[in-house]
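What follows is calculated from the coordinates using simple rules that are stated; it is not laboratory data. Because the structure is a prediction, the values reported are computed rather than measured. Every residue, glycine among them, receives a Cβ derived from its backbone with ideal geometry; neighbour counts consider all protein chains shown.
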Amino acid sequence: MKKKKRIMVIGGAGFIGSNICKYLVENGHSVDCIDNFSTGRRASISSLEGSRSFRIIEIDISDPDFVSEFGNEKYDEIFHLACPTGVPNIRPMAEEMLVTCSTGTSNVLKLAKRLESKLIFTSSAEVYGDPETFPQSETYNGNVDPVGPRSAYEEGKRFSEALIAMYVNKYQIDAKIIRLFNTFGNGMSPDDTRVIPQFLKRIRLGQKITIYGDGNQNRAHMHVQDLIRGMLLVLERGVPGEAYNIGGSTQMTISELALLIDSLTSMPVEIEFRPHFIEDHGGRLPDTTKIRGLGWSPRVTIAEGLLEMMPNYGVSAIDSASPETCETFELLSVT
Ligand SMILES: NC(=O)c1ccc[n+]([C@@H]2O[C@H](COP(=O)([O-])OP(=O)(O)OC[C@H]3O[C@@H](n4cnc5c(N)ncnc54)[C@H](O)[C@@H]3O)[C@@H](O)[C@H]2O)c1
């Protein structure tokens, strides 16, 4: 039998964190979920409450008492996912993003060093800013404006990465970085400001779905279960101090995503275009050669993931929708 581990999941009440908490508890581990509920929700982890292997601790990782609060505990692994998310939150929560990514990550690193815990940190494709090369590999240094409208998130993540690299070099801790591209799946709040839950919510409410800009922005969506497999792999086999891209392999424009959802649902879908509310990046595509070298590849297609989500978001699927028909659609529609 595999060893039962004690694991801290920071940001565990968020979309990805709650999926990780569930996965770890289901696999026999004991999990402490740390969250300040800034963008996370208790509802996303309510199914775990009552489990003897699961605790929720409400605290901000930038709190000066954070390290002493947990300094006498023992954690085999720490998953650090804490950061306010969502493009519309970049302006109103800019300070929280920067403080969480600087003071917060510094506190998490102090704790990981003291407890000799393995650490994995979720960085973002946003460290590449508005990329000039496609696909983006880990060696690309990015195109980021340090005082631009998205800098609180972009530079916050970059600073967290720099802190981690410094801790690995100076103190030889076992910490790895994973750079996520767009991730989706069950567990996203229906009020989440990201594109897929927004589209599903509007369809459920009978409202037009809004595409900001011309709809030609490309994204490569990855299912959260593929992400979890990749994180566990990097935690086990990755090189400390290094970053690993992880993301979907299929590029799709926002307009194509809207058409794909339209093809999967029996409910009416109307699209409206509006000017973008913040400077957007035209496209992003991960070069995942490095993580594939550890044995990872995505398994869940975007259509399969959407079909799995739709009933939970009150959006009914067409009778003939199946993963096979959806794969055909993706092949036809994707550039
Ligand atoms: N979902 C994606 O597509 C995506 C893409 C790139 C990177 N990421 C990164 O992955 C991580 C998880 O993303 P998510 O989609 O689950 O976002 P989320 O907003 O659902 O989860 C983040 C969680 O962190 C918590 N948090 C924020 N600041 C905190 C603080 N100071 N102290 C304690 N808890 C705090 C929030 O309350 C929330 O529960 C984030 O770091 C995000 O930047 C996500």
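Along the Cα-to-C-beta direction of residue 292, a point sits 7 Å from the Cα; which residues of the stretch 106-143 have their amide N less than 13 Å from that point?
135-137
For residue 265, enumerate residues with amide H under 5 Å from its amide H, sequence gap 5+ or separate chain, H modeled in the peptide plane.
Those qualifying (amide H under 5 Å, at least 5 residues apart or on another chain) are 318.
Please list, in order, the residues from the stretch 42-82 whose amide nitrogen is less than 18 Å from a point placed 7 Å along the Cα→Cβ vector of residue 114.
57-80
I want to make sure I understand the PRE zone here: with the label point 7 angstrom from the Cα of residue 6 toward its beta carbon, which residues in the stretch 163-182 have backbone N atoms less than 19 Å away?
Zone members listed by number: 174.
Among the listed pairs 3/118; 22/110; 2/176, which are separated by more than 18 Å between their Cα atoms? Let's see the in-between values first.
Numbers: 3/118 15 Å; 22/110 26 Å; 2/176 22 Å.
Distance filter (> 18 Å) returns 22/110; 2/176.
In a Gaussian network model over the chain where Cα atoms closer than 10 Å are linked, find which of 47, 62, 137 has the largest mean-square fluctuation.
Among 47, 62, 137, the largest GNM mean-square fluctuation belongs to 47.
Near the amide H of residue 176, under 5 Å away, which other amide H atoms are found, from residues 5 or more places off or on another chain, if H is placed in the peptide plane?
119, 120, 121, 241
Starting from the coordinates of the alpha-carbon atoms of the chain, obtain the Kirkwood hydrodynamic radius over all distinct pairs and give the value in Å to one decimal. Spell out each step's value before the answer.
Values: mean 1/r = 0.0490 Å⁻¹.
With all distinct Cα pairs of the chain included, I get 20.4 Å.
Mean-square fluctuation check for the chain, GNM, Cα pairs under 10 Å: which of 174, 145, 192 is largest?
Maximum fluctuation in the GNM of the chain, among the listed residues, is at 145.
What ranking of 204, 42 emerges when the number of other C-beta atoms within 10 Å of each C-beta is taken as an exposure proxy, fewest first? The partial results should precede the final answer.
Numbers: 204 16, 42 13.
Fewest to most other Cβ atoms nearby, the residues stand as 42, 204.
Taking only the alpha carbons of the stretch 34-84, what extent do you get along each of the three principal axes, in Å, biggest first?
Ordered largest first, the stretch 34-84 gives principal extents of 29, 26, 16 Å.
Using the number of other C-beta atoms within 10 angstrom as an exposure proxy, rank 256, 236 with the fewest first.
Listed from fewest to most nearby Cβ atoms, that is 236, 256.
For the stretch 1-87, rounded, prolate or oblate, judged on the Cα gyration tensor with a ≥ b ≥ c (square roots of eigenvalues), a/c < 1.5 rounded, else prolate if a/b > b/c? Provide the component values of the computation, followed by the final result.
Numbers: a/c = 1.81, a/b = 1.17, b/c = 1.54.
Note, shape of the stretch 1-87 comes out oblate.
Please give the helix 195-204 orientation as an angle from the longest Cα principal axis of the chain, in degrees from 0 to 90, rounded to the nearest 10.
The angle comes out near 50 degrees.
Apply the Karplus parameterisation 6.51 cos²θ - 1.76 cosθ + 1.60, with θ equal to phi minus 60°, to every residue of the stretch 127-133 and state each ³J(HN,Hα) to the nearest whole Hz, in sequence, with x for glycine and proline.
Calculated HN-Hα couplings, in order: 5, 8, x, 9, x, 9, 10 Hz.
Pull up all non-local amide H partners of residue 137: gap of 5 or more, or a different chain, and H-to-H distance under 5 Å with H placed in the peptide plane.
Those lying under 5 Å, H to H, from residue 137 are 287.
Among 91, 274, 41, which one shows the highest mean-square fluctuation when the chain is modelled as a Gaussian network with alpha-carbon springs under 10 Å?
Maximum fluctuation in the GNM of the chain, among the listed residues, is at 274.
Place +1 on the Cβ of every Lys and Arg and -1 on the Cβ of every Asp and Glu in the stretch 1-78, take the dipole about the Cα centre, and give the residue among 18, 70, 37 whose Cα lies farthest towards its positive end.
18
Please tell me which of these pairs span more than 26 angstrom C-alpha to C-alpha: 5/113; 4/170; 113/157? It would help to have the intermediate numbers written out before the result.
Numbers: 5/113 18 Å; 4/170 30 Å; 113/157 20 Å.
Table pairs above 26 Å Cα-Cα are 4/170.
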